[in-house]
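To start, the structure under review is shown below, and the notes come after it.
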Amino acid sequence: MSDLQSAGAPVLTIDGPSGAGKGTVSSRVARALGWNVLDSGAVYRTVSLAALQRGLSADDEGALVELCRDLRLAFRAGEEGIEVLLDDRPVGDALRAEQVGVMSSQVAAVPAVREALLDLQRSFQAAPGLVADGRDMGTVVFPDAEVKVFLDASVAERARRRYQQLKDKGQLKDKGEDVTFDRLFRDLEDRDRRDRERSVSPTIPADDAVVVDSTRMTLDEVVDRVEELVRQRLQPTG
Ligand code: DC
């Protein structure tokens, strides 16, 4: 495929706060359309994991930028969500560790890191299309995307879903302590505030994004709604 063709491949961006279901929805829609998928949160998490392994701190700007240049990442739309491959191997749960999450929100606030990751993220735009999941996909990384969705849900509903997910996986303990609904609720509120108020690429809907509030919607309803938006934009009827 030539660069021209891949640059012309349509893009669907799905941005929104933590826990809104972006990963699951992106994966389901990408599978249905047969499109490629980008999990940009995993890009920041991978840089952070590598930084932690090398004992770097979030203000080692030069060393972090070096790490960004060496990343060999790939993504697959799996049944349960987006699968991440580093150097051709699945990364599994390592990216989900609490420490990696904390480091990634610090690393994601470094402008030089965000800049260094732009080309890598844009390189995933390839035929027949790309579903890009993140915070600034529609505002910064793919401002010309054909379809932009901002997937939101109330803090209480996102905390409830997260609690249920951890319960189903038998992971309601963190370092010996019980993970409570109240703690998840407070953590989400704090992360929302940090992500919305940071000066670089805050989590806000692009002017031309369609806001989908999934608080009272099932997963199937959200997927249907997003697929309908793609159809309307890419196969206009009359
Ligand atoms: O969605 P997530 O929890 O995997 O994201 C990990 C961190 O990366 C989170 O602190 C937000 C940040 N992030 C970002 O700043 N921009 C993106 N496009 C995606 C994630």
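Conditions tested, residue by residue: (1) in contact with a Gly (Cβ under 7 Å, 6 or more places away or on another chain); (2) over 20 Å from Leu130 (Cα atoms); (3) within 11 Å of the ligand (Cβ to nearest atom).
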site	(1), (2), (3)
Ser18	no, yes, yes
Val25	no, no, no
Arg45	no, yes, yes
Ala58	no, yes, no
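Which of the residues that make up region 176-198 are in a loop (DSSP other than H, G, I, E, B) and touching a residue at least 24 places away in the same chain (Cβ under 8 Å)? Steps first, please.
The initial filter retains those residues of region 176-198 that are in a loop (DSSP other than H, G, I, E, B), namely 176, 179-180, 198.
Correct list: Arg198 only.
Name the single residue that is farthest from Leu118 (Cα to Cα) among those in region 192-212 being within 8 Å of the ligand (Cβ to nearest atom) and buried (at least 17 other Cβ atoms within 10 Å of the Cβ).
If we take residues in region 192-212 being within 8 Å of the ligand (Cβ to nearest atom) and buried (at least 17 other Cβ atoms within 10 Å of the Cβ), then Asp195 is farthest from Leu118 (Cα to Cα).
Counting just the residues of region 214-238 that are assigned to a helix (DSSP H, G or I) and β-branched (Val, Ile, Thr), which one comes out farthest from the chain's Cα centre (by Cα)? Talk me through it step by step, then tell me what you get.
Within region 214-238, the first condition is being assigned to a helix (DSSP H, G or I), and the residues that meet it are 219-234.
Restricting the remaining residues to those that are β-branched (Val, Ile, Thr) gives 222-223, 226, 230.
Numbers: Val222: 16, Val223: 16, Val226: 16, Val230: 19 Å.
Looking at the filtered set, the residue picked out is Val230.
Out of (1) aliphatic (A, V, I, L, M); (2) assigned to a strand (DSSP E or B); (3) in contact with a helix residue (DSSP H, G or I) (Cβ under 9 Å, 6 or more places away or on another chain), what's the single condition that is false for Val211?
Every listed condition holds for Val211 apart from (3).
Within region 45-57, can you find the residues that are under 20 Å from the mean Cα position of the chain (by Cα) and not charged (D, E, K, R)?
First, pick out the residues of region 45-57 that are under 20 Å from the mean Cα position of the chain (by Cα): 45-51.
Scanning region 45-57 gives Thr46, Val47, Ser48, Leu49, Ala50, Ala51.
Just wondering, is there one or more residues in region 138-154 that are exposed (fewer than 15 other Cβ atoms within 10 Å of the Cβ), more than 14 Å from the ligand (Cβ to nearest atom) and hydroxyl-bearing (Ser, Thr, Tyr)?
The answer is yes; a qualifying residue exists.
Rule-based calculations on the coordinates, nothing more; no lab input. Since this is a predicted model, take the numbers as computed values, not measurements. FYI the Cβ positions are ideal-geometry reconstructions off the backbone, even for glycines, and counts take in every protein chain you see.
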